[in-house]
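In what follows, a structure is listed as structure tokens, so that the remarks can point back to it.
The values are calculated or read from the model by the stated rules, or taken from the named source; none is laboratory data. Since the model is a prediction, treat every value here as computed from it, not as a measurement. With ideal geometry, Cβ positions are generated from the backbone for all residues, glycine too; neighbour counts draw on all protein chains shown.
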Amino acid sequence: MHRNRHEFETRGATVLAIGQGTGAEATEVARELGVEIPVLGDPGKASYRQMGLGRSGWWDLLVIPLLENLAEGLSTLREASLRWSASPRSDVRQLGGVMIVDGAGVIRYLHRSATATDVPPTADLLDALEGVASA
């Protein structure tokens, strides 16, 4: 989403991420990854629980990506930074999600990732934003 943030912002949306660890840790990880959106920290992962986000199994995390696309899977492993995974607040198996919340705090869209690479297409999110604007 950070790569397409301008598409969201031109529609009046604020894009931010919630990361594991403290705010400073989450911001540092985002900086290292080149993510240029605000990042909030959630060291206790309360927001992950509130959104009902699950955890992947080791098989889904490590083996399936290699079986689906060996070259891409190996590239991802080579580029992975394990420095932050040693933090007691980090859980590499924690799955993410995407939420769109309107100005009144009502959740208008929620995607719970089924795998670590399960991210909804930008077009779906922009469509969901249009629904929020017209509500």
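Determine whether Val98 is modelled with pLDDT under 90, of a type outside the set (D, E, K, R) and not in a helix (DSSP H, G or I). Against the criterion (modelled with pLDDT under 90, of a type outside the set (D, E, K, R) and not in a helix (DSSP H, G or I)), Val98 does not qualify.
This table checks each residue for (1) under 20 Å from Thr117 (Cβ atoms); (2) assigned to a helix (DSSP H, G or I); (3) not β-branched (Val, Ile, Thr).
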site: Glu7; (1), (2), (3): no, yes, yes
site: Glu36; (1), (2), (3): no, no, yes
site: Arg49; (1), (2), (3): no, yes, yes
site: Pro65; (1), (2), (3): yes, yes, yes
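Of all residues in region 38-59, those that are without any contact (Cβ under 8 Å) to a residue 40 or more places away in the chain have Cβ atoms under 8 Å from Cβ atoms of residues that are outside any loop (DSSP other than H, G, I, E, B) and among the charged types (D, E, K, R), 6 or more apart or on another chain, in Gly41/Glu25.
Can you tell me which residue is surrounded by the most Cβ atoms within 10 Å (Cβ to Cβ) among those in region 17-54 that are among the hydrophobic types (A, V, I, L, M, F, W, C) and either touching a Ser or Thr at 6+ places or on another chain (Cβ under 6 Å) or closer than 15 Å to Thr122 by Cα (or both)?
Among them, the one singled out is Val39.
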